[in-house]
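A.B. asks: There's a structure below that I have some questions on.
The values are calculated or read from the model by the stated rules, or taken from the named source; none is laboratory data. Because the structure is predicted, anything quoted here is derived from the model rather than measured. Glycine also receives a Cβ, built like all others from the backbone with ideal geometry; neighbour counts cover every protein chain displayed. Just the protein is used for accessible areas: all its heavy atoms, side chains included, with ligands, DNA and RNA removed. Shrake-Rupley method; radii C 1.70, N 1.55, O 1.52, S 1.80 Å.
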Amino acid sequence: MVKSANIEAAYRLAQERYESLGVDVDKVIERLQKVAISLHCWQGDDVAGFEDNGSELGSGLAVTGNYPGRARTADELRQDLQTAYSLIPGNHRLNLHACYGEFHGQVDRDEIGVAHFEGWIQWAKGQGISLDFNPTFFAHEKASDGFTLSHQDAGVRKFWIDHGIACRHIAAEMGKTQGNPCINNFWVPDGYKDTPADRKSPRERLAASLDQIFAEPVNQDHTLDAVECKLFGIGSESYVVGSHEFYLGYAISRQKLLCLDAGHFHPTEVISDKISSVLMYVPEVLLHVSRGVRWDSDHVVTFSDELQAIAHEIVRGKHLDRVHIGLDFFDASINRIAAWAIGTRNVVKALLMAMLEPTDSLQQFERDGDYTSRLAMMEELKSMPFAAVWDYYCQTTGVPVGAEWLDKVRQYESSTLSSRTSQTASA
Ligand SMILES: C[C@H](O)[C@H](O)[C@@H](O)C(=O)CO
Ligand SMILES: [Mn+2]
């Protein structure tokens, strides 16, 4: 265990270094504390959800690994989430998928309502956590041929439109209860494995279906609609109906939020460079911070160059009030609570690093055409003692410092997760 006085002493030295560059570290910490990251519920149970419809995950989503201790009920998932939140500095949000309702029997996707999420709403209220939401357009027999909102069959489209409408009502109620907008994100898996003969018609149908879902005006203080693009998925390698260009155009023309998932583009394409461009034309952006590795778009977020670039871009552009930061990864090969802790702590850490930057000075170098100083300072900043500020931030917010969080995960593993031996709990 690191001595608390040493953390404090290291912080004071770091503070002096940053203040010599004109950075007010106490103010940075105050600012960082206000940033809420939306943790995704689906890391806790391998995107299984709590329906009893017998459908496989599918739709291009795949979770690999069989680490013991997956949450099998809403209560278990909530308990795991509370453990994860206790390891992460700051107050964060929860991003729920529609298939995580508490249904108590068969309820089809077009029949879901607020009542099925009452348990989550009450729990969130008790924890002081705000909720975000997502319709679930996968893991269902009516999605098994790869198409939902852009399906050729009007009956199938209608079913999914009704699901989208139901989800908007649920999201609006969540936002009303919590007193801030619940971001409702639409990701639709539709696409073809092989080269389509008609790329146009499914896109026309998807736009028309979304228009029907969004036809009813909703109070934007309660919920905001977001749309998420994707380049390809397993089984939709050649064509995804909701491509980047499709949703960029859709979001601009309908003034919706655009969701940029870090794993949904070509491997050398980065979302950090897209934020300032799209914010010129869409009201707000939702990020799914993730990490693509070869075919997979959903590895646990590490402290990568791109994560740092995303954080710098948000902070340098003063975009924090227009960028909602969500996470999207799922790994069943490691402890699932550790996955949340690693990914979320990294995002907060990257934001701290970005906020500790003397951005005004860098931008002045740039305006002066002094690119030498700009590059020199950017490189020097990488070895400034931001880790001392991070440790102090963890200590003063009452969460474990350094790798101590891992001991807490191990304790929880032996006290709680190890008894989850069967696939289904008797809840
Ligand atoms: C489970 C989520 O809806 C999903 O990850 C989506 O956001 C996505 O990124 C699909 O590839
Ligand atoms: Mn995503």
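A.B. asks: Choose one of Pro189, Ala208, Gly90: the residue whose Cα lies farthest towards the positive end of the charge dipole of the chain (beta-carbon charges +1 Lys, Arg; -1 Asp, Glu; about the Cα centre).
C.D. replies: Gly90
A.B. asks: Another question, if that's okay. Considering only protein heavy atoms, what per residue accessible area in square angstrom results for the chain with a 1.4 angstrom probe? Numbers along the way, then the final one.
C.D. replies: Details: 18680 Å² over 427 residues.
Solvent-accessible surface per residue comes out at 44 Å².
A.B. asks: Hey, can you grab everything whose amide H is under 5 Å from the amide H of Asp261? Only 5+ residues off in sequence or another chain; H modelled, so Pro and N-termini drop out.
C.D. replies: HN-HN under 5 Å from Asp261: Cys229, His288.
A.B. asks: I would also like to ask the following. Over the stretch 297-427, what relative contact order in percent results from Cα pairs under 8 Å that are six or more residues apart? Walk me through the numbers before you get to the answer.
C.D. replies: Details: 78 pairs, mean separation 31.0, N = 131.
Computed over the stretch 297-427, the figure is 24 percent.
A.B. asks: Here's a follow-up. Once both axes come from the Cα atoms, what is the angle between helix 200-213 and the longest principal axis of the chain, in degrees from 0 to 90, rounded to 10?
C.D. replies: Tilt of helix 200-213: around 80 degrees.
A.B. asks: Let me confirm the definition first: pairs of Lys residues in the stretch 163-286, 8 or more apart or on different chains, C-alpha distance under 24 Å. How many are there?
C.D. replies: Total qualifying Lys-Lys pairs in the stretch 163-286 comes to 7.
A.B. asks: What net charge is computed for the residues neighbouring Val188, neighbours being all others with C-beta under 12 Å from the C-beta of Val188, Lys and Arg scored +1, Asp and Glu -1?
C.D. replies: Details: positive: Arg157, Arg203, Arg205, Lys230; negative: Asp190, Glu228.
That works out to +2.
A.B. asks: Putting +1 on Lys and Arg Cβ atoms and -1 on Asp and Glu Cβ atoms, find which of Val285, Ala172, Gly44 reaches farthest to the positive end of the dipole of the stretch 35-355.
C.D. replies: After comparing all options, I get Val285.
A.B. asks: Packing-wise, with mean Cβ within 10 Å as the measure, how do 302-308, 167-173 rank, highest first?
C.D. replies: Highest-to-lowest ranking by the protection proxy: 167-173, 302-308.
A.B. asks: Something else about it: May I ask you to derive the relative contact order of the stretch 351-406, considering only C-alpha pairs under 8 Å and at least 6 residues apart, and to give it as an integer percent?
C.D. replies: Numbers: 21 pairs, mean separation 14.8, N = 56.
About 26 percent, as a whole number.
A.B. asks: Computing the accessible area with a 1.4 Å probe over protein heavy atoms, can you report the carbon and sulfur percentage for the stretch 35-355?
C.D. replies: Solvent-exposed carbon and sulfur of the stretch 35-355 make up 49 percent of the total.
A.B. asks: Using the per-residue mean of other Cβ atoms lying within 10 Å as a proxy for protection, in what order, highest first, do the peptides 285-291, 82-88, 99-105 fall? Show your work: numbers first, answer last.
C.D. replies: Values: 285-291: 24.1, 82-88: 19.3, 99-105: 17.7.
In decreasing order of mean packing, 285-291, 82-88, 99-105 become 285-291, 82-88, 99-105.
A.B. asks: By accessible area of protein heavy atoms, probe 1.4 Å, what ranking do Asp368, Asp225 get, highest first?
C.D. replies: Working: Asp368 105, Asp225 10 Å².
Output order, biggest surface exposure first: Asp368, Asp225.
A.B. asks: Also, I was wondering about something else. Any chance you could give the angle, 0 to 90 degrees and rounded to 10, that helix 118-127 forms with the longest Cα principal axis of the chain?
C.D. replies: 10
A.B. asks: Which of Gly101, Phe265, Thr397 sits closest to the plus end of the dipole of the chain, meaning its Cα is farthest towards the positive end, when Lys and Arg get +1 and Asp and Glu get -1 on the C-beta?
C.D. replies: Comparing the listed Cα positions along the dipole, Thr397 ranks first.
A.B. asks: Under 8 Å for C-alpha pairs, at least 6 residues apart: give me the relative contact order for the chain, rounded to a whole percent.
C.D. replies: Numbers: 743 pairs, mean separation 86.5, N = 427.
Once normalised by length, the contact order is 20 percent.
A.B. asks: Between the helical axis of 386-396 and the dominant principal axis of the chain, each derived from Cα atoms, what acute angle in degrees is found, rounded to the nearest 10?
C.D. replies: Between the helix axis and the principal axis of the chain, the angle is about 70 degrees.
A.B. asks: Could you calculate the FRET efficiency of Leu21 with Arg294 from 1/(1 + (r/R0)^6), where r is the beta carbon distance between them and R0 is 41 Å, rounded to 0.05? Walk me through the intermediate numbers first.
C.D. replies: Working: r = 39 Å, r/R0 = 0.96.
The calculated FRET efficiency here is 0.55.
A.B. asks: Grab the DSSP H runs of the chain that are 4 residues or longer, score each as -39,500 (n - 2.57), total them, divide by all residues and round the 222 nm result to the nearest 500 deg cm²/dmol.
C.D. replies: Numbers: 14 runs with 175 residues, N = 427.
Helices in the chain give a 222 nm mean residue ellipticity of -13000 deg cm²/dmol.
A.B. asks: Whole-Hz Karplus ³J(HN,Hα) for the stretch 101-116, in order, using 6.51 cos²θ - 1.76 cosθ + 1.60 and θ = phi - 60°, x for Gly and Pro?
C.D. replies: x, 9, 8, 6, x, 7, 10, 7, 4, 7, 10, 6, x, 4, 3, 6
A.B. asks: Given H placed 1.01 Å from N in the peptide plane, which residues other than close sequence neighbours of Ile37 have an amide H under 5 Å from its amide H?
C.D. replies: Sorted by chain and number, the residues that satisfy this are Arg93.
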